[in-house]
Amino acid sequence: MNRYSHNPILEPIGAHAWESSLVFNAAVFAANNRVHILYRAMGTDNVSRIGLASSSDGYNIDERLPLPVFSPSNDMENQGCEDPRLSLFGDSLIMAYTAFGNHFQHQVYQIGLTSINTEDFIARRWQWGERILAFPGIHNKDAVLFPQKFDGDYVMFHRLEPDLCIARSNNLRRWYGLKYILGPREKSWDSWKVGAAGPPILVNEGWLLIYHGVSVDRVYSLGVALLDKNNPEQVLYRSEEAILTPTEDYERYGKVPNVVFSCGQIIKDDQVLIYYGAADSSLCVATFELAELLPKK
């Protein structure tokens, strides 16, 4: 594992009120020889919005838009649109995010879903589709869709604290088959709660899932699990040790100390580039050989 030597790759811009305080957790999408980064940002009003930056090599940012590309639009998310994750289905990108807002006069985190045509995304036409709440009124977050359907259904990982759970849907609206998949382990780096990172990666051995775990002393780290290729409910392997844990100053000190938190990754030349928020304050990247994330034979 190698952290990029010039981390963080994205930091707040003081002149932009909407991203002047914090820039962190990001979804990523590789297309047209570029890595497109949808990142969470917070500014003077303490509301989360989503901005866009991109890179030709995955590390150095050479495009960054001055205005957010996705912002709260209703009471259900008026406190913020947080932690986006992107999954590609044909010519459509489906984005799962955390909608933080009001539900019957109570603040609640909920799973929001929307989509955009890939051609519009690449052309920077932000024509997002309808915003759907997967589980209205339920405290739930860290949702991500598998990038393929199973028996005609979308499959989603999400977190009902403290566990990572699964659900299925044929229309993105009605979700069923809720089941437990992974939970905290005693005396481990993931002993308090767990949740998905970016979309699972299909490899020969199955589905490689990068996930975050939180220890009882509130340290956020990343680990991996391997799931059955045909049955994502079956866990074949789970890493005993974290693959990335806060050690650098930019990971240990910030808005929320001791945090590495990922919402997306890409595969490039058999390497996995994991994009992660550091201390809920900036965005970083670390590179892994794909083989080192898989269980040893």
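The values are calculated or read from the model by the stated rules, or taken from the named source; none is laboratory data. The structure displayed is predicted, hence computed values, not measured ones. Neighbour counts run over all protein chains shown; Cβ positions are idealised from the backbone, glycine included. Areas reflect the complete protein model, heavy atoms only, side chains present, ligands, DNA and RNA absent. Shrake-Rupley method; radii C 1.70, N 1.55, O 1.52, S 1.80 Å.
Return yes or no: is VAL235 out of contact with any His (no Cβ under 9 Å at 6 or more places or on another chain), more than 25 Å from ILE50 (Cα to Cα), modelled with pLDDT of 95 or more and crowded, with 21+ Cβ neighbours inside 10 Å?
The answer is no for VAL235.
Does any residue of segment 88-110 turn out to be open to solvent by 50 Å² or more (accessible area, probe 1.4 Å), in contact with a Pro (Cβ under 8 Å, 6 or more places away or on another chain) and touching a residue at least 12 places away in the same chain (Cβ under 8 Å)?
yes
Quick check on my filter: what residues within segment 35-49 are surrounded by fewer than 22 Cβ atoms within 10 Å (Cβ to Cβ) and closer than 18 Å to ALA143 by Cα?
The answer is ARG49, and nothing else.
Any idea which of TYR220, TYR237 is over 18 Å from MET156 (Cβ atoms) and more than 19 Å from the chain's Cα centre (by Cα)?
When all the criteria are applied, what remains is TYR237.
Determine the pairs where a residue that is farther than 10 Å from VAL69 by Cβ and open to solvent by 30 Å² or more (accessible area, probe 1.4 Å), located within segment 115-127, has a partner that is part of a loop (DSSP other than H, G, I, E, B) and small (Gly, Ala, Ser) with Cβ atoms under 6 Å apart, the partner being 6 or more residues away or on another chain.
Here the result reads SER115/GLY129, each pair linking segment 115-127 to a residue that is part of a loop (DSSP other than H, G, I, E, B) and small (Gly, Ala, Ser).
Does PRO136 meet the test of being in a loop (DSSP other than H, G, I, E, B), at pLDDT below 95 and of a type outside the set (Asp, Glu)?
Spelling it out, PRO136 is indeed in a loop (DSSP other than H, G, I, E, B), at pLDDT below 95 and of a type outside the set (Asp, Glu).
Scan segment 20-34 for residues that are open to solvent by 10 Å² or more (accessible area, probe 1.4 Å) and farther than 16 Å from SER71 by Cβ and jot them down.
Hits for segment 20-34 are VAL28, PHE29, ALA30, ALA31, ASN32, ASN33, ARG34.
For segment 16-34, name all the residues that are more than 15 Å from the chain's Cα centre (by Cα) and either without any contact (Cβ under 8 Å) to a residue 60 or more places away in the chain or closer than 19 Å to VAL259 by Cα (or both).
Selection gives HIS16, ALA17, TRP18, GLU19, SER20, SER21, LEU22, ASN33, ARG34.
Please determine, by comparing only the residues of segment 183-232 that are open to solvent by less than 50 Å² (accessible area, probe 1.4 Å) and of a type in the set (Asp, Glu), which one is nearest to PRO84 (Cα to Cα).
Taking the candidates together, the pick is ASP190.
Is one or more of the residues making up segment 243-262 closer than 29 Å to GLN148 by Cα, in contact (Cβ under 8 Å) with a residue 40 or more places away in the chain, assigned to a loop (DSSP other than H, G, I, E, B) and open to solvent by less than 70 Å² (accessible area, probe 1.4 Å)?
Yes, segment 243-262 contains at least one residue that is closer than 29 Å to GLN148 by Cα, in contact (Cβ under 8 Å) with a residue 40 or more places away in the chain, assigned to a loop (DSSP other than H, G, I, E, B) and open to solvent by less than 70 Å² (accessible area, probe 1.4 Å).
Is it the case that segment 160-168 has a residue that's over 19 Å from PHE29 (Cα atoms), among the charged types (D, E, K, R), part of a loop (DSSP other than H, G, I, E, B) and open to solvent by less than 10 Å² (accessible area, probe 1.4 Å)?
No, segment 160-168 has no match at all.
Within segment 174-194, is even one residue among the aromatic types (Phe, Trp, Tyr), part of a strand (DSSP E or B) and farther than 28 Å from VAL219 by Cβ?
yes
(1) more than 17 Å from PHE261 (Cα to Cα); (2) open to solvent by 50 Å² or more (accessible area, probe 1.4 Å); (3) touching a residue at least 40 places away in the same chain (Cβ under 8 Å); (4) in contact with a strand residue (DSSP E or B) (Cβ under 9 Å, 6 or more places away or on another chain): which one isn't true of PRO68, the others all being true?
(2)
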